[in-house]
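The values are calculated or read from the model by the stated rules, or taken from the named source; none is laboratory data. If you're wondering where the values come from, they're calculated on a predicted model, not measured in any experiment. When we count neighbours, we look across all protein chains shown, and the Cβ atoms used for this are built from the backbone with ideal geometry, even at glycine. Areas reflect the complete protein model, heavy atoms only, side chains present, ligands, DNA and RNA absent. Shrake-Rupley method; radii C 1.70, N 1.55, O 1.52, S 1.80 Å.
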Amino acid sequence: MASSETASAAGSRARGLAPFLRSQMRNIAPFLTLIFLSGFFALASPSFATLDNLGNILTQVSVTGVIAVGLTFVILCAEIDLSIASIANVTGIAVAYFTLQESYVNIPNIPLPGAAAILLAILLCAALGLVNALGLTLIGIPSFIMTLAMMQIAAGISAMLVRGQIAYKVPELITTLGSGSIGGIPWIVIVAAIMLLSGHLVLTYTRFGRYVYMVGGNREAAEYAGLNVKLILGAVMVISAVCSGIGGMLGVAHFGSAQQNEFDTYLLDSIAAVVVGGTSLFGGRGGIGNTIVGLFVLGVLNNGLDHVNIDSFLKILIRGLILLAALVINVYAQRLREKAAE
Amino acid sequence: MPEVRTPILELQGITKSFGGVEALRGVDFALFPGEIHGLVGENGAGKSTLMKIIAGVHTEFSGRFLIDGTEAHFRSARDAHTAGIAMVHQELSVAPDLTVAENVFLGNQPTNALGLVQWRRMAREAGEQLSRFGIDVDPMSRLGDLPIGLQQLIEIARVLFSGARIVILDEPTSALSPPEVERLFGTLRRLREEGTAIVFISHFIEDILRVSDTVTVFRNGRKVAETASAATSKGALIEAMIGRGGEALEHSYSDDLMLPQPADGSVVLKVDQLSLARSLKDVSFEARAGEVLGIYGFMGCGQQELSRILFGKLKPDSGTLAVEGKPKTFASTAAARRAGVALVPESRRAMLFHQEPVYKNISISILDRISSLLLKPAQERDIAKRQVEQLQIRPPVVGLDLGMLSGGNQQKVALAKWLTYPPKLLVLCEPTRGMDVGAKNDVINIIRDLRAKGLAIIVLSTEPETVLSLADRILVLKRGAVVREFKNEPVSKDRLLEAA
């Protein structure tokens, strides 16, 4: 799945199939989960396995997908970003704040041309990411705590901007990308696909991508190899915030409104997508390929549960259990791999 | 009729392979109570693998495993522990933030009826145990504040006094000063009298011959010899280890060695009045191109801190660094690398990526030289292949995960990553620690080649042999200060030890 593994795969093949499969457990398990879930829902509901519904699933996971691109970088470095949903929210609100709203919207906002609004929104999320980066690298606050604080800060900025109101208008470009479609394919799906592909290319084929894997694999060794570990960690925090911001702008256009707490479920969904896909929580293993599988597992699960007749409160519990199972596999896969490499 | 002794532990026909590479081939091994059993062999010969099988670390292998004559199968290190087997691993594994007493009683603190830890009793008993071992420290002090050698002794003491019937020591003496080694040996002999079975792995063959009753020699995953220590000699053991006449390889350095005239190469590094908290005091020296500067001192003399300062990982409290005349204050290790400084630290775990293939380990420090934005994997592999060939890294497969290589080969990979684009200054910490004779010689030759190419090289070691085998000029560090410089004069192991 992740191409960083292909090289070691070549080495593994010579050692026989069983150890190879064992070392690839983290890539295989999510895939089997996806096949199992798809098969289950296809049998349980005739409306599930249709082309229309595939389109639904793709659209439903797009915003999560955009946010998860950046989060994949962060988790590959063995860090975490809990502020993604809040930053998505504040960026979506910001882009609406800088857009002319209808007269009935009672927000003292600052209307600007569309391009300026988008630019300012991106600058905002990048700046928040930079604060995360500086807190993590210069001050040395663990990312878990640093981004927890940022989660509140971004939520606070959101609240200050909209003051309990709802804004509806966003720049034309964002409206198109968030809710328009071309040739029957929603733009939001195309944007998510491009972002995921770019993330994959950066991680696999660029020097920076290699550094991300190496810093995640063994931070101390990366430092002794003369890598600027702090710069790399800082960069992934900014990338994560900017991806979240883009996801937030698209989301606002997709939902048709910008308001407080709009993205709260996206924090868990994005983390779940990355981890369910098999990217190691200990860093250094996995990639965008894994995240894509994780997104589909989550998308199929969320969508499929709507197609079968099930208590909507039970749905939440089921999602929690699936996430737990994925975490178990994630940690177990790491152990198997270490054994194979012993 | 002589009494037939029954082994406490018996292994028959043990074979263990790591993904097709056989690390052990049909090894028989027996250990008797009240015996100190020495193990010698080159790196990758299979000693550590066998010990990890005994300690329950490796659980998959073929062959019979008998304890007290009955077959046993451990599923984890915990099972081995329950069966009375304890192991001190090569790498220090202590909890530096806990007190000495807590470390001694790690996992079995004395508790009262309510399950609360009895601190006073724990401190008292820890103190008693450690003083039996000749260690006089406050049991309530933080372990991490003590010198590394002392930490290692405390870890060994914990294992020795844990009540285990079988104790395995993997390279226990490498971080210890001579008096500490003496104390350790005294304790081992006492435990032997009490009936404990002890396995002692070391590269210091003199140590093995002094303390053990039986010696077993490994070569290429096979047991090639087992004799009483009294009936063999260092030369014979080395010959069995490497399979050829080995005396010429292992220099004893007991005689005087003449250091050459100081080199007249340009000054690459100038260190002036470097001080760091309790570790370093006003350290000043120069390193010149085409010269190997050896820095010798006991564990905890400040070498480690010095090497970290040179590579930008630690910041000195005062003092200056200059590379080729330009003053530098390194903000990060990346800045040091850009200035032409390279460091190979003493711990292999700290400097290599065990889950990544060999070629990525070799290319990591030079990626910015061979690619700006996009990676060039083919070129990386070519460079790695050349280094693997030149340094005779085994197995010569650049796509293999680094973790599959033996320790000595990993050490060569750590060197290899700096060789394609040689730095101006190469700082090596314990470059040959824990290596067998053959690999040691390979590394020594690599370093001499680099010196001939005009690099300035600094070798820091706590082993006099390492410094003597490499250095053109030797500084002796003692408690953070330079106390003696040897240059253009005779030097020997004795003279070094005396100065330190």
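In whole Hz, what ³J(HN,Hα) sequence does segment B:419-430 give by Karplus (6.51, -1.76, 1.60; θ = phi - 60°), x for Gly and Pro?
The phi angles translate into 8, 5, 10, x, x, 7, 10, 10, 9, 10, 9, 6 Hz.
Roughly to the nearest percent, how much of the accessible area of chain B is carbon and sulfur, given a 1.4 Å probe?
Its accessible area is 49 percent carbon and sulfur atoms.
What accessible area, in Å² to the nearest ten, does a 1.4 Å probe give for residue B:282?
About 90 Å², ignoring ligands and nucleic acids.
Compute the long axis of helix A:51-76 from its Cα atoms, compare it with the longest principal axis of the Cα atoms of chain A, and write down the angle in degrees, 0 to 90, nearest 10.
Between helix and principal axis, roughly 70 degrees.
Could you tell me how many degrees, from 0 to 90 and to the nearest 10, lie between the Cα long axis of helix A:288-307 and the main elongation axis, the longest principal axis, of the Cα atoms of chain A?
Roughly 60 degrees, rounded to the nearest 10.
Nearest 500 deg cm²/dmol is fine: what mean residue ellipticity at 222 nm does the protein assembly as shown get from its DSSP H runs of n ≥ 4 alone, each adding -39,500 (n - 2.57), divided by its residue count?
-15500 deg cm²/dmol
What shape does segment A:202-331 take by its C-alpha gyration tensor, where a ≥ b ≥ c are the square roots of the eigenvalues and a/c under 1.5 counts as rounded, a/b above b/c as prolate, and the rest as oblate?
Oblate.
Run through the DSSP bridge list for the protein assembly as shown and note the antiparallel percent, rounded to the nearest 5.
Around 55 percent of the beta bridges assigned by DSSP in the protein assembly as shown are antiparallel ones.
All other residues with a Cβ under 12 Å from the Cβ of residue B:143 taken together, and with Lys, Arg as +1 and Asp, Glu as -1, what is their net charge?
Charge balance in the 12 Å sphere: -3.
Karplus couplings for segment B:465-478 from phi (6.51 cos²θ - 1.76 cosθ + 1.60, θ = phi - 60°), rounded to Hz, Gly and Pro as x?
Taking θ as phi minus 60°, the curve returns 4, 4, 5, 5, 6, 10, 7, 9, 8, 10, 9, 10, 9, 9 Hz for segment B:465-478.
Sketch the reach of a paramagnetic label on residue B:320 as a point 7 Å from Cα along Cα-to-Cβ, and name the residues of segment B:255-299 whose backbone nitrogen lies under 17 Å away.
Of the residues in segment B:255-299, B:267-275, B:282-287 have backbone N under 17 Å from the label point off residue B:320.
Just the number please: accessible area per residue for the protein assembly as shown, 1.4 Å probe, all protein chains included, in Å².
That works out to 41 Å² per residue.
How tilted is helix A:264-276 with respect to the longest principal axis of chain A? Cα atoms for both, answer in degrees (0 to 90, nearest 10).
Compared with the principal axis, the helix lies near 20 degrees.
Can you work out the Karplus-derived ³J(HN,Hα) for every residue in segment A:38-45? Use 6.51 cos²θ - 1.76 cosθ + 1.60 with θ = phi - 60°, whole Hz, and x for glycine or proline.
Running phi through 6.51 cos²θ - 1.76 cosθ + 1.60 with θ = phi - 60° gives 4, x, 4, 5, 4, 6, 6, 9 Hz.
If I model a spin label at residue A:149 and residue A:321 as a point 7 Å from the Cα along the Cα→Cβ vector, what separation in nanometres do I get?
4.0 nm
If amide H atoms are built 1.01 Å from N in the plane of the peptide, which residues on other chains or at least 5 residues away come under 5 Å of the amide H of residue B:454?
So residue B:454 has HN proximity to B:290.
Using r as the Cβ-Cβ distance of residue B:136 and residue B:452, and R0 as 51 Å, what FRET efficiency do you calculate, to the nearest 0.05?
Taking R0 as 51 Å, the efficiency between residue B:136 and residue B:452 is 0.60.
Over the alpha-carbon set of segment B:9-242, work out the extent along each principal axis and list the three values in angstrom, largest first.
50, 37, 32
What is the interface area between chains B and A, defined as buried accessible area summed over both chains with a 1.4 Å probe, reported in Å² to the nearest 100?
Chain pair B/A: roughly 3300 Å² of buried accessible area.
Give, as a single signed number, the net charge of other residues whose beta carbon lies under 14 Å from the beta carbon of residue B:65, with Lys and Arg counted +1 and Asp and Glu -1.
-2
Once R0 is set to 22 Å, what does the formula 1/(1 + (r/R0)^6) return for the Cβ-Cβ distance between residue B:478 and residue B:273, expressed as a FRET efficiency to the nearest 0.05?
0.80
Please give me the summed charge of the neighbours of residue B:472: other residues whose Cβ is under 11 Å from its Cβ, Lys and Arg +1, Asp and Glu -1.
In short, +4.
Could you pull out every residue, at least 5 positions away or on a different chain, whose amide H is within less than 5 Å of the one on residue B:343? Hs are placed 1.01 Å off N in the peptide plane, and Pro or chain starts have none.
B:427
Cα-Cα over 19 Å: which of B:270/B:487; B:270/B:412; B:424/B:453; B:52/B:223?
The pairs that break the limit, which is 19 Å between Cα atoms, are B:270/B:412.
Please calculate the 1.4 Å probe accessible area of residue B:124, with all protein chains present, and give it to the nearest 10 Å².
Counting only protein heavy atoms, the figure is 130 Å².
Taking a point 7 angstrom from the Cα of residue A:181 along the C-beta vector, which residues in segment A:239-265 have backbone N less than 20 Å away?
Answer for this model: A:250-257.
Tell me the volume per residue, in Å³, of the convex hull enclosing the alpha carbons of segment A:47-341.
Given the Cα convex hull of segment A:47-341, per-residue volume reads 146 Å³.
Once you have a ≥ b ≥ c as the square roots of the Cα gyration tensor eigenvalues for segment B:257-499, tell me rounded if a/c is under 1.5, and otherwise prolate or oblate according to whether a/b is larger than b/c.
Since a/c reaches 1.5 and a/b is larger than b/c, the shape of segment B:257-499 is classed as prolate.
Just from the alpha-carbon atoms, what are the Rg and Dmax of segment A:32-96 in angstroms?
16.3, 44
Return the residues of segment B:319-366 for which accessible area with all protein chains present is lower than in the chain on its own by 30 Å² or more; set the probe to 1.4 Å and exclude ligands, DNA and RNA.
B:333, B:334, B:337, B:350, B:353, B:355, B:356, B:360, B:364
Keeping all protein chains in place and using 1.4 angstrom, which order do B:272, B:170 fall into by accessible surface area, from largest down?
Output order, biggest surface exposure first: B:272, B:170.
Which of the helices in chain B meet the span-like rule: DSSP H, Cα axial reach of 15 Å or more, Kyte-Doolittle mean at least 1.0?
For chain B, where a helix must reach 15 Å along its axis and average at least 1.0, the hits are B:148-160.
From the P(r) of chain B, could you give the percentage of C-alpha pairs in the tail past 29 Å?
Counting pairs separated by more than 29 Å, the tail of P(r) holds 55 percent.
Sticking with the crude label model, points 7 Å out along Cα→Cβ, report the distance from residue B:463 to residue A:47 in nm, one decimal please.
7.3 nm
Could you tell me what percent of the accessible area of segment A:47-341 is made up of carbon and sulfur, with a 1.4 Å probe and every protein chain present?
Answer for segment A:47-341: carbon and sulfur cover 69 percent of the accessible area.
Given R₀ = 35 Å, FRET efficiency for residue B:329-residue B:230 by Cβ-Cβ distance, to 0.05?
0.05
According to the square roots a ≥ b ≥ c of the eigenvalues of the Cα gyration tensor, what is the shape class of the protein assembly as shown, taking rounded for a/c under 1.5, prolate for a/b larger than b/c otherwise, and oblate for the remainder?
It comes out prolate by the Cα gyration axes.
Using the Cα centre of segment B:9-242 as origin and beta-carbon charges of +1 (Lys, Arg) and -1 (Asp, Glu), tell me which of B:86, B:187, B:103 is placed farthest towards the positive end of the dipole.
B:86
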